[in-house]
Amino acid sequence: MWRSMSLDTPSHLEFNGSGLRFAVIAARFNETLVDSLVDHTCQTLEAAGAVTPVIERVPGSAELPYAASALIEHSNFDAVIVIGVVIAGDTNHHNLIGDSTAIALQELSIRKQVPVINGVLVVNTLAQAEARAGEEINRGKEFALSALEMALFKNKWKTTNQ
């Protein structure tokens, strides 16, 4: 059966984020929706015991990869979460932004060996965005849980020169 929005989520585990440091980088386009995602992300991280996340803002989702790269280069975060909302317009520019941002973030994460969680929602309508950034379903919580899990994974498998 086809649904307009996936209600699937990964199985949720309990994470102890004590002492973990996160950066949240958020776009200012579609700011109300992005703010809701950021709030849910930060609440979830702090509830798990993580240090209050550093929050940075950039103009739009296309600027997220550069900002993530700069923060990774000049600081020591356990993971970086980028958040944006890209809504389709009269052209398919939203697909270009979504695809290029996703590729850049994935390459950055692998190259720098720091988890970068792609929290960019790419949707066709405002209603779809609102359904993913509301109170009943808010993907911000999932972004935070992914960051917690991947930060713990990274720290578990850190190599040491012994």
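The values are calculated or read from the model by the stated rules, or taken from the named source; none is laboratory data. Since we're looking at a predicted model, the values are computed, not measured. Every residue, glycine among them, receives a Cβ derived from its backbone with ideal geometry; neighbour counts consider all protein chains shown. To get the accessible areas, we keep the full protein, side chains included, count just its heavy atoms, and leave off ligands, DNA and RNA. Shrake-Rupley method; radii C 1.70, N 1.55, O 1.52, S 1.80 Å.
Could you go through region 60-72 and let me know if any residue there is open to solvent by 80 Å² or more (accessible area, probe 1.4 Å) and either part of a helix (DSSP H, G or I) or under 24 Å from Leu126 (Cβ atoms) (or both). Yes: region 60-72 contains one or more residues that are open to solvent by 80 Å² or more (accessible area, probe 1.4 Å) and either part of a helix (DSSP H, G or I) or under 24 Å from Leu126 (Cβ atoms) (or both). For beta carbons closer than 8 Å, sequence separation of 6+ or different chains, a first residue in region 69-96 that is free of Cβ contacts under 8 Å to residues at least 60 places away in the same chain and among the charged types (D, E, K, R) and a second that is open to solvent by 20 Å² or more (accessible area, probe 1.4 Å) and part of a helix (DSSP H, G or I), the qualifying pairs are Glu73/Lys112. Pairing residues of region 105-127 that are at negative phi with residues that are open to solvent by 30 Å² or more (accessible area, probe 1.4 Å) and part of a strand (DSSP E or B), at Cβ distances under 8 Å and at least 6 apart in sequence or on separate chains, gives Leu105/Asn118; Gln106/Asn118; Val123/Ile87; Asn124/Ile87; Thr125/Ile87; Leu126/Ile87.
The set of residues in region 24-59 being open to solvent by less than 40 Å² (accessible area, probe 1.4 Å) and assigned to a helix (DSSP H, G or I) consists of Leu33, Val34, Ser36, Leu37, Val38, His40, Thr41, Cys42, Thr44, Leu45.
This table checks each residue for (1) among the polar types (S, T, N, Q); (2) part of a helix (DSSP H, G or I); (3) at pLDDT below 95.
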{"position": "Gln128", "(1), (2), (3)": "yes, yes, no"}
{"position": "Glu136", "(1), (2), (3)": "no, no, yes"}
{"position": "Ala144", "(1), (2), (3)": "no, yes, no"}
{"position": "Leu148", "(1), (2), (3)": "no, yes, no"}
{"position": "Asn155", "(1), (2), (3)": "yes, yes, yes"}
{"position": "Gln162", "(1), (2), (3)": "yes, no, yes"}
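Restricted to region 112-126, and to residues there that are in a strand (DSSP E or B) and out of contact with any His (no Cβ under 9 Å at 6 or more places or on another chain), the residue that is most open to solvent (accessible area, probe 1.4 Å) is Asn118. Can you pull out the residues in region 73-111 that are closer than 16 Å to Ala151 by Cβ, among the β-branched types (Val, Ile, Thr) and open to solvent by 20 Å² or more (accessible area, probe 1.4 Å)? Residue satisfying the conditions is Ile110 alone.
Within region 94-106, not a single residue is assigned to a loop (DSSP other than H, G, I, E, B), at pLDDT below 95 and out of contact with any helix residue (DSSP H, G or I) (no Cβ under 8 Å at 6 or more places or on another chain).
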